[in-house]
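As structure tokens, the structure follows; a few thoughts come after it.
The values are calculated or read from the model by the stated rules, or taken from the named source; none is laboratory data. No experiment lies behind these values; they were computed from the predicted model shown. Don't worry about glycine lacking a Cβ; one is built from the backbone with ideal geometry, like all the others, and counts go over all protein chains shown.
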Amino acid sequence: MRRMIRQLFLALLLLVPAARADAPRPAARPAQAAIASANAYATDAGLEVLAQGGNAFDAAVAVSATLGLVEPESSGIGGGAFMLLRSAKDGRDVFVDARERAPLAATRDMFLDAQGNAVRERSVDGALAAAIPGLPAGLEHLAKRYGRLPLSKSLAPAIRLAREGWRFGPKNAVMLGYRRDVLARSPAAAALFLRNGQVPAQGTLMRNEDYARTLELIARGGADGFYRGAYAKRLVAGVRRAGGIWSERDLAEYRVVEREPIRIRHRGFEIVTAPPPSSGGVALATILHILEGYDYPKLDAVPRYHLTVEAMRRAYRDRAAYLGDPDFIDVPVPLLTSREYAAGLRAGIHPERATPSDLLPSATLSPSGPDTSHFSIIDAEGNLAAVTQTVNLPYGNAVVVPGTGFLLNNEMDDFSVKPGVPNAYGLVGEDANAIAPGKRPLSSMTPTFLIGEDRVAALGTPGGSRIVTMVLLGLFELMDGRGAQATADRPRYHHQYLPDVLQAEPGAFTEAQIAALRGRGHELKVAESPWGNMHVVLWNRGTGAVEAGADPRWKGVGKGATSDKTSIYR
């Protein structure tokens, strides 16, 4: 009997093809590190910290702090962030919520006048619009919990650059042009960012000694150096003098929250993404679960676009109705991310006709700002970081507290100021995202990982309510086998339920496709300019090769690079 079993085993072995001697084995680790960020100074700062023995999380601290200096229109330590992290040693994913919080003195109707009408300027311009910043606490949390270097080393590149100076760039100038008059109202902001009351010429050397001192304070004392003691007193006094409602208790009680990411299985990949108070992960799950009812990758372009737009429409309707801060409201995440729920939504989709949004159950949209920053990092150990950070409007609320060196956010406008009343971008919200003391406003920021057998990627983008659909289209590119740069380059389209308009970047659709989509009932508008600023890193698990893709839409600003050479520099 034993002889028969052995003979059978040998026969089975003969049926198994011998492995080729030259067949590649899956790489246990990436061959090198890669960083893609919205500014070359920030990418270089991250590479410097990696070269000093830091990991992806130390590099993330360096990139984040540097972006706050050289890209103040988009993010900074006066704002907040969502940080999606993956630890290579144990495969653990964690979502770090460093989103801003409403001051404890905030009230539901704080931006309404005596007649109950919304006063938009109060939630956008000036100190009353500022929520309590979360990024300083997020940086300390990142360094202490996941990094290997002290803050003094990971913050050093930004500190040095603040003193030596950086060159004012085209994105800085364009965004500052929108906010110059408001910035001029804050003497400290005007002194930092204007030259004789005007937007600086591109190439102007900019220095910020106060920012360097603030980062040094955080490097020495951690988050407490910012949120407690003399510095906190200075912040509170400056905000209150400017008309805000912060207190020392607001700062002292700020805490980062770690949350479990949303996980989606789709086309053989695992997608790890942002949970509430981000709306992104729930919306991605809804869209992808609707689409898995079709063999959409094999469809012709127009039917695929049509079904994707219809899925977007339904996901954004639910986003408006149900989502907010999970510490304050019961967000039905298991329901909204279930395949059964998506199947019910799919049943209402006509395969060849657009569904007018006013025929869907009524809902209104939650606000989210368009000017934000994203960066993605993978290190040589396989650690991943996808970080999206913001101050909301370009240059935040345009207020700088003297002696601090950074702009305050205007994230209070990301709440629903009043049901049905649009925010600065024409978006409206409901009670799930109403203002409450200590509450985090809903956000569209959607840092995301794609984990597959042969490829691993981190991606994200700014873009307000368009963030989710940009990440979706980026995931399509990656799942279809395209590279990091092709993913960042991809032309974009977007539908958000209300207004009932399919928006597209120039070149996203051909003229024939536009005609066909309009023939299916879509009201389609081609934008005059592109949107977003996506940054992607990609690891090929088969070869170990890594790629970094920087969005080309801001030429000469963003940079994607590997640890030993620059791969993309536009």
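Taking into account only those residues within segment 79-123 that are part of a strand (DSSP E or B) and of a type in the set (Lys, Arg), which is surrounded by the most Cβ atoms within 10 Å (Cβ to Cβ)?
Filtering segment 79-123 for residues that are part of a strand (DSSP E or B) and of a type in the set (Lys, Arg), the one surrounded by the most Cβ atoms within 10 Å (Cβ to Cβ) comes out as Arg101.
If the condition is being without any contact (Cβ under 8 Å) to a residue 60 or more places away in the chain and of a type in the set (A, V, I, L, M), then segment 473-524 contributes Leu473, Val501, Ala504, Ala508, Ala512, Ile514, Ala515, Leu524. If I go through segment 238-256 residue by residue, how many of them are surrounded by fewer than 17 Cβ atoms within 10 Å (Cβ to Cβ) and β-branched (Val, Ile, Thr)? Final tally of qualifying residues: 0.
Where residues in segment 296-340 are among the basic types (Lys, Arg) and free of Cβ contacts under 8 Å to residues at least 12 places away in the same chain, which of them is surrounded by the fewest Cβ atoms within 10 Å (Cβ to Cβ)? Step by step, filter segment 296-340, then rank; the result is Lys298. Within segment 273-285, being out of contact with any Ser or Thr (no Cβ under 7 Å at 6 or more places or on another chain) and either free of Cβ contacts under 8 Å to residues at least 12 places away in the same chain or closer than 21 Å to Ala457 by Cα (or both) holds for Pro275, Ala283.
Of the residues examined, Ala343 is one that is part of a helix (DSSP H, G or I) and over 28 Å from Gly532 (Cα atoms).
Listed by first and then second residue, the pairs linking a residue in segment 226-247 that is in a helix (DSSP H, G or I) to a residue that is surrounded by 19 or more Cβ atoms within 10 Å (Cβ to Cβ) and polar (S, T, N, Q), with Cβ atoms under 9 Å apart and 6 or more places separating them unless they lie on different chains, are Phe226/Thr214; Tyr231/Thr214; Tyr231/Thr404; Arg234/Thr404; Leu235/Thr404; Gly238/Thr404. In segment 436-554, counting only helices (runs of 4 or more DSSP H) that sit wholly within it, the ones holding 1 or more residues that are among the basic types (Lys, Arg) span 511-519. Pairing each residue of segment 430-442 that is in contact (Cβ under 8 Å) with a residue 40 or more places away in the chain and within 19 Å of Ser465 (Cβ to Cβ) with any residue that is aromatic (Phe, Trp, Tyr) and buried (at least 21 other Cβ atoms within 10 Å of the Cβ), provided the two are 6+ apart or on different chains, yields C-beta distances under 8 Å for Ala432/Tyr322; Asn433/Phe415; Ala434/Phe415; Pro441/Phe415; Leu442/Phe415. All conditions but one from (1) surrounded by 21 or more Cβ atoms within 10 Å (Cβ to Cβ); (2) on the phi > 0 side of the Ramachandran plot apply to Gly222; the one that does not is (1). Entry remark, segment 337-353: residues being under 10 Å from Ile290 (Cβ atoms) and β-branched (Val, Ile, Thr) number 1 in total.
Within segment 189-203, the residues that satisfy the criterion of being in contact with a helix residue (DSSP H, G or I) (Cβ under 7 Å, 6 or more places away or on another chain) and touching a residue at least 40 places away in the same chain (Cβ under 8 Å) are Ala189, Phe193.
Being outside any loop (DSSP other than H, G, I, E, B) and more than 22 Å from the chain's Cα centre (by Cα) is the requirement here; does Leu307 meet it?
Criteria met by Leu307.
Scanning segment 524-570 for residues that are modelled with pLDDT under 95, of a type in the set (Gly, Ala, Ser) and touching a helix residue (DSSP H, G or I) at 6+ places or on another chain (Cβ under 9 Å), which turns out farthest from Leu478 (Cα to Cα)? So, considering only residues that are modelled with pLDDT under 95, of a type in the set (Gly, Ala, Ser) and touching a helix residue (DSSP H, G or I) at 6+ places or on another chain (Cβ under 9 Å), the one farthest from Leu478 (Cα to Cα) is Gly556.
Tell me, which helices (runs of 4 or more DSSP H) wholly within segment 144-188 include 3 or more residues that are touching a residue at least 60 places away in the same chain (Cβ under 8 Å) and surrounded by fewer than 21 Cβ atoms within 10 Å (Cβ to Cβ)?
Numbers: elements: 151-154, 156-164, 170-183.
Correct list: 170-183.
Just to be sure, is Arg122 basic (Lys, Arg), without any contact (Cβ under 8 Å) to a residue 60 or more places away in the chain and either touching an Asp or Glu at 6+ places or on another chain (Cβ under 6 Å) or within 28 Å of Pro326 (Cα to Cα) (or both)? Reasoning before the result, please.
Values: basic (Lys, Arg): yes; without any contact (Cβ under 8 Å) to a residue 60 or more places away in the chain: yes; either touching an Asp or Glu at 6+ places or on another chain (Cβ under 6 Å) or within 28 Å of Pro326 (Cα to Cα) (or both): yes.
Here the answer is yes, as Arg122 does meet what is asked.
Go through the residues of segment 258-279 one by one and say whether even a single one is hydroxyl-bearing (Ser, Thr, Tyr), buried (at least 18 other Cβ atoms within 10 Å of the Cβ) and not in a strand (DSSP E or B). Yes, that holds for at least one residue. When Glu216, Glu209, Glu260 are checked against the criterion of being touching a residue at least 12 places away in the same chain (Cβ under 8 Å) and under 20 Å from Val96 (Cβ atoms), Glu260 stands alone in meeting it.
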